[in-house]
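Some notes on the structure that comes next.
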Amino acid sequence: MSGRPHITITESVEVLLEIRKHQKRILAYNKIQMLYLFQSKQVETVREVSSILGKNETTIHRWLFQYKEGGIENLLKNRQIFGRPKKFSVEVAALVQQELRDPEGFSSYKEVHLWLWLIKEIPSSYQAVYSLVKGELKSKLKIPRPRSSEQKSTAINEFKNTLHQQIKALLVKVPEQVKKYKKWILWCSDETRLGLHTIQRRKLTLRGVKPVGRHQWKFKCFWLYGAVSPSTGRSFFWEFSHLDRVCFQAYLEQLSLEYPNELQIIQVDNAPGHLLSTSELPDNIILLFQPPHCPEVNPTERVWEYIKEFLGWLVFSNLDELRVKVQEILASLTNHVIGFLTGWSWILHSLSLAHL
């Protein structure tokens, strides 16, 4: 394997130097360099060329065989690639893209690789799958929003499609209040817990640098009750110590006093603290219950996410410090910001159909 090659190089040293000068690929350059070294008598054996070029002796022998079979033209010809494809066809890429549109998603790039190989019977390398999914399709691992296993599969779409009908049905049941207040408005209401336990969020660092965040395990907290109006961008927040019926009733009374001349339709979830009887509600408030286990239909959730982004990795020594920061954030929530966060098209469409 390491002996002298038994071939005749027909090109002169000068011609080989000229050909080498015009090579743009390092592989082609090395092939011509091999011929030049033999023709200029700088080396005599394959082992010497292998040492100089940093190539395996088997590779040098293969190059020499290619030259012997068809000269420089055959030597420089791109080698046929065997084995699994490095890239996928347009059809396969479209197939993967369609599967990635499913919100269930994949848990890893390896799972995509196995899905293609075992389910679709398309042979591929992991690197090819990774390049397709992340490089071409711009897909990446994300933190999914949890969805309750008890959620009815059609509940969200049914609620979106019938919201205007539900609003009209509620108004039909209270003709005296409708006649009394003339103006009606839909609020979406929810509560969130804010405390001294540090809120964790992602951090951006260079590759290979593990981000670090200061964290404290203190569990003192309070509850922030909130209501937002997707159509007007108005909002109303109030702090309470607990999440229960008593606090929720007190919150509705404050909201009623803030807007005494309007009939308030309040969308809430099915938490036990929201289950108030008609006699426990202020005169100008009606409750609209969203489907069980479906926080996705309540835009107030987006407001909580927005607020907590400002609190990520902040450490407070006591609740008063936290309250000051929360008040600063709430003061920045203009009608425009609230409208941007909560003005989902399907809600605004439903309000238009309900004439609100």
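The values are calculated or read from the model by the stated rules, or taken from the named source; none is laboratory data. Because the structure is a prediction, the values reported are computed rather than measured. A quick note on method: Cβ atoms are made from the backbone with ideal geometry, for glycine too, and the neighbour counts reach across all protein chains shown.
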Original post:
What residue, of 213, 195, is over 30 Å from residue 262 (Cβ atoms) and touching a Cys at 6+ places or on another chain (Cβ under 8 Å)?
Top reply: 195
**OP:** Hey, could you check segment 114-164 for residues that are among the aliphatic types (A, V, I, L, M) and within 22 Å of residue 299 (Cβ to Cβ) and say which is surrounded by the most Cβ atoms within 10 Å (Cβ to Cβ)?
**Re:** 163
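Does residue 107 fit the bill of being over 23 Å from residue 232 (Cα atoms), at pLDDT below 90 and surrounded by 13 or more Cβ atoms within 10 Å (Cβ to Cβ)? Steps first, please.
Details: over 23 Å from residue 232 (Cα atoms): yes; at pLDDT below 90: yes; surrounded by 13 or more Cβ atoms within 10 Å (Cβ to Cβ): no.
No: the conditions fail for residue 107.
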**OP:** Mind listing whichever residues of segment 235-248 are more than 33 Å from the chain's Cα centre (by Cα) and crowded, with 17+ Cβ neighbours inside 10 Å?
**Re:** 247, 248
Subject >> Sole residue being part of a helix (DSSP H, G or I) and either farther than 17 Å from residue 187 by Cβ or touching a residue at least 60 places away in the same chain (Cβ under 8 Å) (or both), chosen from 314, 333, 356, 351 >> reply: 351
**OP:** Pull up segment 1-15, narrow it to residues that are closer than 20 Å to residue 59 by Cβ and either β-branched (Val, Ile, Thr) or assigned by TED's automatic domain parsing to the domain that holds residue 65 (or both), then point me to the one that is modelled with the lowest pLDDT.
**Re:** 7
Subject >> segment 152-183: number of residues that are under 17 Å from residue 278 (Cβ atoms) and not in a helix (DSSP H, G or I) >> reply: 1
Subject >> Options 50, 40; residue that is closer than 30 Å to residue 12 by Cβ, over 47 Å from the mean Cα position of the chain (by Cα) and surrounded by 16 or more Cβ atoms within 10 Å (Cβ to Cβ) >> reply: 50
Original post:
Conditions: (1) assigned to a strand (DSSP E or B); (2) modelled with pLDDT under 95. Residue 266 meets all but one. Number of the miss?
Top reply: (2)
**OP:** Answer with yes or no whether residue 29 is of a type in the set (Ser, Thr, Tyr), closer than 17 Å to residue 68 by Cα and either in a helix (DSSP H, G or I) or in contact (Cβ under 8 Å) with a residue 24 or more places away in the chain (or both).
**Re:** no
Original post:
Just a yes or no: is a residue in segment 289-311 part of a loop (DSSP other than H, G, I, E, B) and among the hydroxyl-bearing types (Ser, Thr, Tyr)?
Top reply: no
Original post:
Taking the condition assigned to a loop (DSSP other than H, G, I, E, B), out of contact with any Cys (no Cβ under 6 Å at 6 or more places or on another chain) and acidic (Asp, Glu), does residue 44 pass?
Top reply: yes
Original post:
Residue check: is residue 49 modelled with pLDDT of 90 or more and not in a loop (DSSP other than H, G, I, E, B)?
Top reply: no
**OP:** For segment 198-220, enumerate the residues that are under 25 Å from the mean Cα position of the chain (by Cα) and closer than 24 Å to residue 300 by Cα.
**Re:** 198, 199, 200, 201, 202
